[in-house]
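Since every read-out is calculated from the coordinates, none of them should be taken as a lab result. These numbers were taken from a predicted model, which means no experiment stands behind them. Every residue, glycine as well, gets a Cβ built from its backbone with ideal geometry; the counts of neighbours run over all protein chains shown.
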Amino acid sequence: MGAIDIAFSSLLFSFFLLAIPILLSIKYGFGLIKPLLLAVFRMCIQLVLIGIFLKYLFIWNNSIVNICWIIIMVTAAVFSVLKDSALRVRKVFMPVFITFFITIFSVVVYLNFMVIKLNNIFDAKYLIILSGMLLGSSLRGCIVGISYFYKSIKKDSKRFLYILALGADRNEVILPYLKESIQLALKPRIATMATMGIVALPGMMTGVILGGGSPVDAIKYQIMVMVSVVACATATVILSVLVTLKICFDKYGILQMDVFTDSDKNMPAQKNKTWSGL
Amino acid sequence: MGGQKQIPISLKNVSLSFSGKKVLDDISFEVKSGEKIILSGKSGSGKSTIFNIILGFVQPDSGELLFDSEKIDDKHVWEVRKKISYIDQESSLGIGNTLDYLMFISGLKTNLQKEFSLNRINELLEYFELENEVLNKNLEKLSGGERQRIAIMISILLERKVFLLDEVTSAVDVFLKKKIAKYYLNKDDWTCLIISHDPIWLENSSTKIFEMDTSSWAQ
Ligand SMILES: Nc1ncnc2c1ncn2[C@@H]1O[C@H](COP(=O)(O)OP(=O)(O)OP(=O)(O)O)[C@@H](O)[C@H]1O
Ligand SMILES: [Mg+2]
């Protein structure tokens with residue numbers, strides 16, 4: 001079993017499909033050609049490299065190597081989350097990294113052990129492919145969630161300070177913001193899940209079916225993945241916020257401005273010990 | 001507590017600069033229990049900053065702050081905040097439905113014992129001449145004066161004894177200014193530190209004025 005092998009020569013034919021966006025871009029002057037070709041080029045190189053790499057990873061199938069590769073994937077993921085979050089990477093990298101690693105790793109091991117019931121729960125194929133999928137789908141939600149959380153507290157610091165002054169404790173004061181952030185982060189996820197199968201035929205399913213599995217197998221995998229994605233996405237958003245609180249707020253419960261990147265400070269020069277609220 | 005006069009708030013030689021500019025220069029004063037004190041001074045003289053320091057939003061460069069004779073530090077400040085009713089200069093409230101927000105506040109652990117009943121709320125709405133409908137409006141949609149009065153209501157509902165009021169009568173008409181000032185000034189056991197340019201707060205003869213510009217009591 002397995003998908004029909006595509007010859008490298010025939011793969012070229014799929015590139016002809018690029019003619020559609022290219023011709024349209026020329027006709028309407030979208031200015032898409034250069035970024036598009038560049039992206040296609042990058043994608044090809046990256047995928048070829050990862051293909052070769054995975055091939056050996058699967059051949060060696062060494063638990064330690066597999067776990068190291070997950071560490072690398074998580075590192076890349078956390079960088080991309082923090083880069084878009086306006087937080088200083090240097091300040092919060094470690095706790096977020098640990099959060100991501102523990103969440104993703106334990107969910108995948110749980111799936112391998114309890115759901116798929118693998119003999120070797122560190123089997124390269126399952127460990128790496130599932131981790132990659134969960135990481136990829138937790139990313140966007142996490143970026144939205146963590147950015148919204150810190151930006152909204154910074155933006156209306158008066159509202160935040162007022163809640164502090166009402167006598168809220170550390171948890172109570174962040175709860176309204178955490179709630180908003182999580183809703184914002186997870187709404188699209190949940191919406192996708194609700195239309196799954198009708199509007200979107202997910203990549204996992206496509207993969208299993210083309211790989212020779214029956215649609216029923218594919219659906220089972222897909223359900224497992226969707227549920228785990230929601231679990232991971234929720235856990236990573238909430239935990240990333242919780243583990244960064246101690247770094248980002250001082251003992252008085254005030255958001256520290258020096259956790260933001262300079263481009264996002266946009267505030268008058270002042271002593272770095274205070275916040276930009278007033 | 002005992003019988004003798006407590007000193008809820010005390011500042012000793014407090015100084016603070018922002019980016020090199022001295023905002024508070026060696027400020028000292030005490031607010032005794034039940035006193036009504038107006039902080040007076042021109043715009044930018046650091047009045048609101050005093051409130052921010054008391055609430056631990058900013059730390060002074062030097063000097064000491066006491067609440068009920070205890071130093072306000074990063075631990076004590078959380079208790080201090082539970083004993084103070086604060087209204088900031090913009091009456092910043094939350095977002096969303098007014099009644100929901102009141103319920104959020106009453107749901108905070110420190111406020112669970114307080115009576116946030118609908119009866120009590122309606123009583124206050126009536127006194128401050130607010131329509132019942134404001135409860136179902138969005139806080140962002142309220143007029144400045146309405147928001148100010150909601151903030152005042154909250155400060156009262158919290159049933160605390162120390163008040164920091166920053167320009168709480170700036171957006172309402174003279175008639176309401178009077179009513180609001182009267183409400184606070186008539187409560188003998190309430191300690192109020194008030195920032196306001198409205199002379200109405202001075203009608204009570206026992207009100208004292210602290211001049212920020214000279215850092216001394218006005219005669
Ligand atoms: N967090 C802060 N960062 C930098 N500067 C600040 C900060 N807070 C206050 N200031 C400055 O300190 C000075 C005093 O501000 P404050 O708000 O205490 O004045 P105020 O007496 O309340 O004035 P107003 O009557 O206009 O409300 C102002 O010059 C203000 O710009
Ligand atoms: Mg002010």
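Of the GluC sites (Glu not before Pro) found in region B:94-130, those that fall in a DSSP loop while having at most 14 other beta-carbon atoms within 10 Å are B:115, B:129. Here the spin labels are modelled as points 7 Å beyond Cα on the Cα-Cβ line, and at residue B:17 and residue B:89 they lie 2.2 nm apart. Which of rounded, prolate or oblate describes region B:45-98 when judged by the alpha-carbon gyration tensor and an a/c cut-off of 1.5? It comes out oblate by the Cα gyration axes.
The value given for region B:18-73 is a Kirkwood hydrodynamic radius of 12.6 Å, derived from the mean inverse Cα-Cα separation.
Pairs of alpha carbons in region A:79-186 separated by more than 22 Å make up 46% of all such pairs. Apply 1/(1 + (r/R0)^6) to the Cβ-Cβ distance of residue A:118 and residue A:158, taking R0 = 60 Å, and write down the FRET efficiency to the nearest 0.05. About 0.65, to the nearest 0.05.
Calculated on the Cα set of region A:1-60, radius of gyration then Dmax: 15.6, 50 Å. Using modelled amide H (1.01 Å from N, peptide plane; none on Pro or chain starts), what sits under 5 Å from the amide H of residue B:23, excluding residues fewer than 5 places away? Placed amide hydrogens put B:16, B:17, B:18 under 5 Å from residue B:23.
In region A:19-116, the alpha-carbon atoms span a convex hull of 171 Å³ per residue.
The mean number of Cβ atoms from other chains found within 10 Å of a Cβ in peptide B:75-81 is 4, as a whole number. As an exercise, use a Förster radius of 35 Å and the Cβ-Cβ distance of residue A:98 and residue B:6 to find the FRET efficiency, rounded to the nearest 0.05. The pair residue A:98/residue B:6 has a calculated efficiency of 0.15.
Size of region B:63-219 from its Cα atoms: along the principal axes, largest to smallest, the extents are 45, 39, 26 Å.
A Förster distance of 35 Å, applied to the separation of the beta-carbon atoms of residue A:72 and residue A:9, puts the FRET efficiency at 0.60.
Applying the Karplus relation 6.51 cos²θ - 1.76 cosθ + 1.60 with θ = phi - 60° to region A:169-184 yields 3J(HN,Hα) values of 8, 3, 6, 4, 6, 8, 4, x, 6, 4, 4, 4, 5, 6, 4, 4 Hz, where x marks Gly and Pro. For the set A:83/A:246; A:246/B:141; B:71/B:178; A:155/B:179; A:179/A:220, the pairs lying more than 25 angstrom apart at their alpha carbons are A:246/B:141; B:71/B:178; A:155/B:179; A:179/A:220. With the convex hull of its Cα atoms as the shape, the protein assembly as shown has an orientation-averaged projected area of 32.0 nm². Rounded to the nearest 20, the size of the Cβ-charge dipole of the protein assembly as shown about its Cα centre is 1180 debye, with Lys and Arg at +1 and Asp and Glu at -1.
Per residue, the convex hull spanned by the Cα atoms of region A:52-91 measures out at 65 cubic angstrom. Can you tell me what percent of all Cα-Cα pairs in region B:19-140 are more than 16 Å apart? Within region B:19-140, distances greater than 16 Å cover 72 percent of Cα pairs.
Close amide-amide hydrogen proximity is noted between residue A:87 and A:261, each under 5 Å apart and 5 or more residues distant or on a separate chain (H modeled in the peptide plane; Pro and chain starts excluded). What the Kirkwood sum gives for region A:62-275 is a hydrodynamic radius of 18.7 Å, with every pair of different alpha carbons counted.
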